[in-house]
Amino acid sequence: MQQLTGLDASFLYMETGAQFGHVGSLTLYDTREAHEGSLYKALRRSLPERLHLLPPFRRRIVEVPFGLDHPYWIEDPDFDLDFHLRHIAVPPPGTNEQLAELVSHLHAIPLDRSRPLWQLWVIEGLESGQVALYIKVHHCTIDGVSGVEMTATVLDRSREGSTLPPAREPWQPQPVPGDAEMFARGLGRLPWPFGPRRSAQIDAPRLPNTAAPQTSFNRSITPHRRFAFSSLSLEDARRVRKAFGTTLNDVVMAMCAGALRRYLDERGELPEAPLVASVPVSVRSEAEKATYSNRVTAVLAELATDEPDPVKRLRRIHESMRSAKQMQEAIPATLLQDFTQFATPALFAQAARIAARLRIADRMRPPFNLIISNVPGPREPLYCGGAQMKTYYPVSAVAEGQGLNVTVQSYLDQLDFGVISCRELVADPWKIARYLGEALEELCKLAR
């Protein structure tokens, strides 16, 4: 058995009736050159051949009674590929909006913890003639970077297919341990005297004063979701970056800031203070590539949504991100991992449930308004059974008090945005997706 790290396990503890710990992606394929005429058949044939390269696909969670310790992974003795690989279609005419609505509903279904924590849906019936794959995987086993690696393993790097390395040894399922065994294991790892684990080496840093203003999407969330997506030119974003001497991520942040400023202004809700974003930052080393776990921290940055001038807004974001990265570099990369490693699981989970039940997010200002994540994706085309992947839209998660998430994945020469929200807090994320494009267009004009 392999025990989860504290950071990985925290994505299990955070789950409530409305808050889920899984993330996903929606990819679209041109199937005109598919070898078998069916993406579903291609995946049903190819996935068994790669399971030895995808450890999370055959392992399941075993929890320690009473939350005495972090859970463990075991190789699932009841693994059933057909449970995880599904086939479905959108009704006619199969518009993007219908596809996004279907993904919204699928993404609002929690994963079954008695099985490996992933599902893959092949979705047909699109009016474009393309076929979609929606995959969701629990965040306790992947972060953004390892999620990209997982997708690259599921797919091929050429239309003809990939040559796969053989398994080093045959896969061996493991029996599910009983509660008594897991209780004894958890009890044996408790410090003496019994109580929360502590580490004398943990010294939490002083955070900057970045209290965020309240918005309509910074409230308690429901289990319901809305999803929207859009693809924009990576070259256009690079042109803006070069013209104003910023980073590509600064441009992405400025696009989000412009879209959010317009969205809130139209609703008469634009706060005087700038919105604050939490921005995940990978701390994965070269040696940790191809390992399925979370190696990530986060920084807080102002979005300058109080600034009407797009260029001044971009420059302020650039300075905010530069300061945030300097602080992040001054903090040990393992700090977040260490802190969660020594948090008591039962207290962590209970705190999440109490905060949701008491609707604490409705009574206080949020530490930040939303998560904006920029994940570098493959620069070479990927294929599934000969069908080329055309787009790679992230389907991320929302959290209690932060009912909106904007995540972008670069793929080939485009930026693929996924906008997900709590259905009751942001009813039309398509507006935000559309405003992202208009914000980039405005910056491009100013760059010229």
Of all the residues that make up region 218-241, how many are outside any loop (DSSP other than H, G, I, E, B) and either in contact with a strand residue (DSSP E or B) (Cβ under 7 Å, 6 or more places away or on another chain) or touching a residue at least 24 places away in the same chain (Cβ under 8 Å) (or both)? 15
Being among the small types (Gly, Ala, Ser), within 30 Å of residue 424 (Cα to Cα), open to solvent by 40 Å² or more (accessible area, probe 1.4 Å) and under 21 Å from the mean Cα position of the chain (by Cα) narrows 17, 24 down to just 17
Quick check on my filter: what residues within region 211-237 are aliphatic (A, V, I, L, M) and within 30 Å of residue 390 (Cα to Cα)? 228, 232, 234, 237
Residue pairs within 8 Å by beta carbon, gap of at least six or interchain, first lying in region 45-66 and assigned to a helix (DSSP H, G or I), second open to solvent by 20 Å² or more (accessible area, probe 1.4 Å) and β-branched (Val, Ile, Thr), listed first then second, are 50/153; 53/153
Here's a check for you: in region 163-176, which residue that is among the polar types (S, T, N, Q) and either at pLDDT below 85 or open to solvent by 70 Å² or more (accessible area, probe 1.4 Å) (or both) is farthest from residue 50 (Cα to Cα)? 172
Can you tell me which residues in region 177-217 are modelled with pLDDT of 50 or more, assigned to a loop (DSSP other than H, G, I, E, B) and either among the aliphatic types (A, V, I, L, M) or under 25 Å from the mean Cα position of the chain (by Cα) (or both)? 190, 210, 211, 212, 213, 214, 215, 216, 217
Within region 88-106, is there a residue that is open to solvent by 30 Å² or more (accessible area, probe 1.4 Å), more than 21 Å from residue 226 (Cα to Cα), out of contact with any strand residue (DSSP E or B) (no Cβ under 7 Å at 6 or more places or on another chain) and among the acidic types (Asp, Glu)? no
From the residues in region 41-75 that are closer than 25 Å to residue 6 by Cα, at pLDDT below 95 and among the charged types (D, E, K, R), which one is nearest to the chain's Cα centre (by Cα)? 63
With respect to residue 78, is the statement that it is modelled with pLDDT of 95 or more, farther than 23 Å from residue 434 by Cα and part of a helix (DSSP H, G or I) true? no
Contact list, first residue from region 1-28 and touching a residue at least 12 places away in the same chain (Cβ under 8 Å) and within 17 Å of residue 116 (Cα to Cα), second anywhere and open to solvent by 10 Å² or more (accessible area, probe 1.4 Å) and among the charged types (D, E, K, R), beta-carbon distance below 6 Å, six or more apart or interchain, is 21/15
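The values are calculated or read from the model by the stated rules, or taken from the named source; none is laboratory data. Everything numeric in this text was worked out from a predicted model, so none of it was measured. Counting neighbours? That spans all protein chains shown, and the Cβs are built from the backbone with ideal geometry, glycine included. Ligands, DNA and RNA are stripped out before the accessible areas are found, and what is left, the full protein with its side chains, is counted by its heavy atoms. Shrake-Rupley method; radii C 1.70, N 1.55, O 1.52, S 1.80 Å.
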